[in-house]
Structure formats: structure tokens, C-alpha cells
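For reference, the structure discussed in these notes is given below.
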Amino acid sequence: MKFSKTNIPDVILCEPTIFNDERGYFFESFNQEVFENHMGKTIHFCQDNEAKSTKGVLRGLHYQLPPFAQSKLVRVISGKVLDIAVDIRKGSATFGQHVAIELSEENKHQLFIPAGFAHGYVVLSDEAVFSYKVDNYYHKASERGIIFNDAELQIDWKLALSELLISEKDEIQPTFNKADLFEKI
């Protein structure tokens with residue numbers, strides 16, 4: 001597994017070593033010891049989630065407030081998505097900035113998003129199966145969000161607004177300036 005810092009150094013791109021032959025492929029998608037050795041800290045993932053969506057489905061931008069904040073390790077099993085992580089840690093040098101990475105079944109890349117980031121993605125292929133690990137359980141009362149098209153964040157979702165399929169919940173999220181954000185973690 002190769003680990004690379006993104007334009008926000010706390011968000012890490014994880015690229016597995018893939019072994020291809022005439023039968024197909026094999027790769028190790030997660031190894032707790034290798035992952036923690038690279039991160040330099042213990043991260044206890046406690047829940048795996050999976051979502052299947054069609055082209056244009058946009059989910060996000062979501063996060064949970066402390067003490068229920070979640071770090072995530074996200075990947076695409078089939079299809080292709082544009083994955084977004086927004087730094088919402090007040091006082092951070094990258095506060096308000098975001099990382100945008102294409103994750104796909106072809107590249108098999110994963111993205112580690114630490115607590116203190118809002119997360120979202122949009123499906124770019126006809127459909128996609130999105131999978132992610134979290135290190136804290138879902139806690140409804142701590143759930144928060146930021147509107148996906150906030151002008152201050154300037155996120156290019158790669159699809160026209162008319163192509164997006166957005167839940168009612170995600171259409172009414174507050175702007176970045178009005179959202180409950182993190183003190184620097």
C-alpha cells in the first residue's frame with residue numbers, strides 16, 4: 001500500500017498494490033497494522049457502510065460533531081465517484097479548503113478522511129457502489145451538514161446542477177459560514 005498526502009496533508013490517498021493476471025486481480029484493501037504504522041496512531045474502525053447509487057447522486061456534505069466525530073476510509077467497489085473532503089477545523093491552516101479525488105473500481109484508490117472534515121461524493125458513472133469504514137458509530141443528534149453548492153467552498157462537482165440527484169435533507173443544509181464547525185482537533 002502506498003500512502004500519499006493530498007493538498008490537505010491530513011487527508012491521505014491510499015493506493016493498494018494490485019496483482020493482475022489472466023484470472024483477474026488480487027489486492028489487500030485494508031491491513032490494520034500497516035495502516036496504523038503509516039498514520040502513527042491507533043485508529044479503531046468499528047463500522048463498515050456501503051451505498052449503491054446511480055449517476056448524478058450527490059451525497060453530502062456530512063459530518064458528526066464531537067464526541068461522535070468520525071474518521072473515514074472510503075473507496076469505490078464498482079463505478080466511479082468524485083469524493084470531496086472539506087476541512088471544517090477552525091484554526092487549521094487549511095480551514096475551508098477541500099480535497100477532490102476520483103475514486104473508481106479501476107484505480108482502487110482509497111481516501112482517509114480524519115475527523116474534522118465534512119465529506120461528500122457524487123457518482124460520475126452509470127452507477128457506483130461506495131464503501132467506507134468509520135471509527136465512531138452513527139449518532140443522529142450529532143449529525144450535521146453543509147450545503148453542497150456553497151459559493152465560499154467553490155467545489156466543482158464535475159456535473160451540471162441539472163444532472164444532480166440530491167436528497168431533500170442535503171438540499172436544505174446550512175452554508176459553511178452558518179454550520180456548526182469544529183474547534184481544531
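The values are calculated or read from the model by the stated rules, or taken from the named source; none is laboratory data. Values in this document were obtained by computation on a predicted structure and should not be read as measured data. Note that we place each Cβ from the backbone using ideal geometry, even for glycine, and neighbour counts take in every protein chain shown.
Scanning the stretch 23-75 for residues that are of a type in the set (Asp, Glu) and either in contact with a helix residue (DSSP H, G or I) (Cβ under 8 Å, 6 or more places away or on another chain) or touching a residue at least 24 places away in the same chain (Cβ under 8 Å) (or both) turns up Glu28, Asp48, Glu50. Failed condition for His119, given (1) outside any loop (DSSP other than H, G, I, E, B); (2) surrounded by fewer than 17 Cβ atoms within 10 Å (Cβ to Cβ); (3) of a type outside the set (Lys, Arg), with all others met? Checking His119 against (1) outside any loop (DSSP other than H, G, I, E, B); (2) surrounded by fewer than 17 Cβ atoms within 10 Å (Cβ to Cβ); (3) of a type outside the set (Lys, Arg), the one that fails is (2).
What residue, among those in the stretch 142-179 that are assigned to a helix (DSSP H, G or I) and in contact (Cβ under 8 Å) with a residue 40 or more places away in the chain, is surrounded by the fewest Cβ atoms within 10 Å (Cβ to Cβ)?
Once the filter is applied, the top-ranked residue is Glu163.
Among residues of the stretch 113-137 being of a type in the set (Phe, Trp, Tyr) and in contact with a His (Cβ under 9 Å, 6 or more places away or on another chain), the one that is nearest to Asp150 (Cα to Cα) is Phe117. Return yes or no: is Phe30 of a type in the set (Phe, Trp, Tyr), over 17 Å from Lys108 (Cα atoms) and either touching a strand residue (DSSP E or B) at 6+ places or on another chain (Cβ under 8 Å) or modelled with pLDDT of 95 or more (or both)? Here the answer is no, as Phe30 does not meet what is asked.
Is it the case that some residue within the stretch 92-105 is out of contact with any strand residue (DSSP E or B) (no Cβ under 8 Å at 6 or more places or on another chain), over 30 Å from Phe19 (Cα atoms), touching a residue at least 60 places away in the same chain (Cβ under 8 Å) and part of a loop (DSSP other than H, G, I, E, B)? The answer is yes; a qualifying residue exists.
Can you tell me how many residues in the stretch 130-141 are among the acidic types (Asp, Glu) and assigned to a helix (DSSP H, G or I)?
Residues meeting the conditions: 0.
Within the stretch 66-91, being in a strand (DSSP E or B), over 18 Å from Gly145 (Cβ atoms) and not hydrophobic (A, V, I, L, M, F, W, C) holds for Arg75, Ser78, Lys80. When only residues in the stretch 10-19 that are outside any strand (DSSP E or B) and surrounded by 11 or more Cβ atoms within 10 Å (Cβ to Cβ) count, which is modelled with the lowest pLDDT? Restricting to residues being outside any strand (DSSP E or B) and surrounded by 11 or more Cβ atoms within 10 Å (Cβ to Cβ), the top hit is Pro16.
The set of residues in the stretch 102-123 being within 15 Å of the chain's Cα centre (by Cα) and either acidic (Asp, Glu) or within 15 Å of Lys52 (Cα to Cα) (or both) consists of Glu102, Leu103, Ser104, Gly120, Tyr121, Val122, Val123.
For the stretch 49-73, a residue qualifies if it is in contact with a Lys or Arg (Cβ under 6 Å, 6 or more places away or on another chain) and either over 16 Å from Tyr138 (Cα atoms) or among the hydroxyl-bearing types (Ser, Thr, Tyr) (or both), and exactly one does: Tyr63.
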